[in-house]
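The values are calculated or read from the model by the stated rules, or taken from the named source; none is laboratory data. Bear in mind the structure is a predicted one, so any value in this text is a computation, not a measurement. As a convention, Cβ positions derive from the backbone with ideal geometry for all residues, glycine included, and neighbour counts pool all protein chains shown.
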Amino acid sequence: MDRKRLRTVSIVAAAFAVLLGAFIYQLTLAQTYRSYIVNQNARSFYDLVDSVRTIDSSLEKGIHSSSDAELIAYSSEVWREAGGAQANLSALPLSSEQTDKVAKFLSQTGDYAYMISGKAAAHEAIGEEEKKTLEQLSSYCKTLFSSLSDMEEKINRGELSLMKMRILGGSKGGDDAVSAACAPVVEQFADYPTLIYDGPFSDHLADSASVMLDAAADVDMETARQTAASAMGTDVSAVEYRGECEGRIPAYCFGADKDGAAVTCDVSRRGGYVIYMLSDRAPGEERLSPEEALSRAEEYLRGLGLSGMTPGYYMTGGGALTANFAWEQGGIIYYRDLAKVTVALDTGEVLGVDLTGYIKSHDENRAPLSASRTEEDAKSRVSARLTPTNHKLAVIPTDFGTEVFCHEFLCTNSDGRKYLVFINDETGEQQKIFMLMESENGTLAV
């Protein structure tokens, strides 16, 4: 074999080796990611089962308790576990159709227990109607626990795959076994009653009007499909109409296969606004910085017609960054006008967006606000144990569906830990305080 031919063969062999190595790397990465997904799903599911079990037990004890101190303890446990159950339920990549009613039940159960705890702490009598409501919540909790236990047994027997828990609500390629397992839960909560009480998850607040939607006209399905295609980043011909969704915001539901990834998108029937979009593509090697990802997210929101959105805190994980954005006008941040965006850190592609908060709360014609209290006066109301380092003006939501105009202070304590403190502009009282949990993956406000 002459040198020229030998050199050609060597180059081809080397190129093949590189390609083979890249293929093996990507295969290993995909397998690692799949294992990560299975482990995350398993942990979320089993933690959800444990939380519902504890809620059921604590509700039972609270109903039969004659001690205010014990009722406070049991109610607080229900409130805490309901929050954990919500977080674990939302971590499972199931469709909104499969989770909305259960999420609502958990929210209201936790909130109602918190209200009962407050009454017990004030030594107010718990009336017969409130006891009946607790019994009703306990009955639904038993039903939920029974259904989750059945799913748990099927998972343990290998009849149900946690890997296949993914964007299933009518999506192409959904696992029939998972859908069938979820069906009893959906059916049992179909007639979940309206719960009206003085709390943040009361039905009369969840069903409150949206200025954006009330002022908008209905759009037809084809117009909505074009909007969905733009949000998904694909051609409209690849977008499949999958019916209408009757959630908090009535919508057209769409799906698409984008380069092998399943993508879903809901577009409101009124106004044709993107409510949410989600892709199940597994990101590859991280190449973008958090700042670059936030820039991509802002650009994406502007493309959907959302201007003036200010990024808040973010978290990274699984090769993606998820950040919250709030609307800012006239130097004031409106935290109810919220958008959540997830960006892949390999290509900068937006993998998910949730605009529910923005659509439900946004009003372009809000009356301008002006602080009646000076920054210095508001700062003097912050705890002496904290040192304010930054000041903003913000409108924040209360637990009861209203809003409060506040001075926002970023503070540190003597250990360097950071806090967000909100001082009510009208009363001068502390309205809210959050502790900022910082890590290499980002910051959470808790």
Q) Going through segment 242-273 one residue at a time, which ones are β-branched (Val, Ile, Thr) and within 15 Å of Leu355 (Cβ to Cβ)? A) Ile249, Thr264, Val267
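Taking the options Glu244, Glu292, name whichever one is part of a helix (DSSP H, G or I) and assigned by TED's automatic domain parsing to the domain that holds Thr342.
Values: Glu244 fails: part of a helix (DSSP H, G or I).
Being part of a helix (DSSP H, G or I) and assigned by TED's automatic domain parsing to the domain that holds Thr342 holds for just one of Glu244, Glu292, which is Glu292.
For Arg248, state whether it is under 20 Å from the mean Cα position of the chain (by Cα) and among the basic types (Lys, Arg).
Working: under 20 Å from the mean Cα position of the chain (by Cα): yes; among the basic types (Lys, Arg): yes.
Here the answer is yes, as Arg248 does meet what is asked.
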Q: May I ask you to say which residue of Ser279, Ser307 is of a type in the set (Ser, Thr, Tyr), in the same structural domain as Trp327 (by TED's automatic domain parsing) and surrounded by fewer than 21 Cβ atoms within 10 Å (Cβ to Cβ)?
A: Ser307
Q: Give the residue that is farthest from Glu285 (Cα to Cα), with candidates limited to residues of segment 346-378 that are acidic (Asp, Glu) and either free of Cβ contacts under 8 Å to residues at least 40 places away in the same chain or not in a helix (DSSP H, G or I) (or both).
A: Glu376
Q. Can you tell me which of Ala384, Ala367 is more than 30 Å from the chain's Cα centre (by Cα), among the hydrophobic types (A, V, I, L, M, F, W, C) and on the phi < 0 side of the Ramachandran plot?
A. Ala384
Q. So Pro311 fits all but one of (1) over 22 Å from Glu240 (Cβ atoms); (2) in a loop (DSSP other than H, G, I, E, B); what number is the exception?
A. (2)
Q) Hey, among the residues in segment 388-441 that are surrounded by 13 or more Cβ atoms within 10 Å (Cβ to Cβ) and among the hydroxyl-bearing types (Ser, Thr, Tyr), which one's farthest from Leu345 (Cα to Cα)? A) Thr412
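Look at segment 397-446 and say how many of its residues are outside any strand (DSSP E or B), more than 23 Å from Leu369 (Cβ to Cβ) and touching a Gly at 6+ places or on another chain (Cβ under 9 Å).
Residues flagged as outside any strand (DSSP E or B), more than 23 Å from Leu369 (Cβ to Cβ) and touching a Gly at 6+ places or on another chain (Cβ under 9 Å) within segment 397-446 amount to 1.
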